[in-house]
1. Output the strands (runs of 3 or more DSSP E) that fall wholly within segment 13-70 and possess 1 or more residues being open to solvent by 40 Å² or more (accessible area, probe 1.4 Å) and in contact (Cβ under 8 Å) with a residue 40 or more places away in the chain, or say none.
2. Condition first: of a type in the set (D, E, K, R) and within 10 Å of Arg30 (Cβ to Cβ). Now tell me which residues in segment 52-70 satisfy that.
Amino acid sequence: MFGKKRIRQTDYDRENWKPVLRCSICNGERVAGFKNIHTGEFREECFIRNDAELEAFMYKYAITDLPKEY
């Protein structure tokens, strides 16, 4: 009942979407999500508050490299 939620690995459309970490220059806010390769549309997945949340996002989608976008 109480405790950590289990993180299941999920998949995304790797042919049309690429993972991106959007960072704000002025306040340091970070949002992880996916950017459409063809249209440039960004789909937010989660707000990143610390490194543990970033690692959980990368583990969930089996991502090894997450480029930053400002």
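1. In segment 13-70, the matching strands (runs of 3 or more DSSP E) lie at 17-23.
2. Of everything in segment 52-70, those that are of a type in the set (D, E, K, R) and within 10 Å of Arg30 (Cβ to Cβ) turn out to be Glu53, Lys68.
The values are calculated or read from the model by the stated rules, or taken from the named source; none is laboratory data. A quick note: this is a predicted structure, and the numbers were derived from the prediction, not measured. We place every Cβ from the backbone using ideal geometry, glycine too, and count neighbours over all the protein chains shown. Note: areas computed on protein heavy atoms with side chains; ligands, DNA, RNA excluded. Shrake-Rupley method; radii C 1.70, N 1.55, O 1.52, S 1.80 Å.
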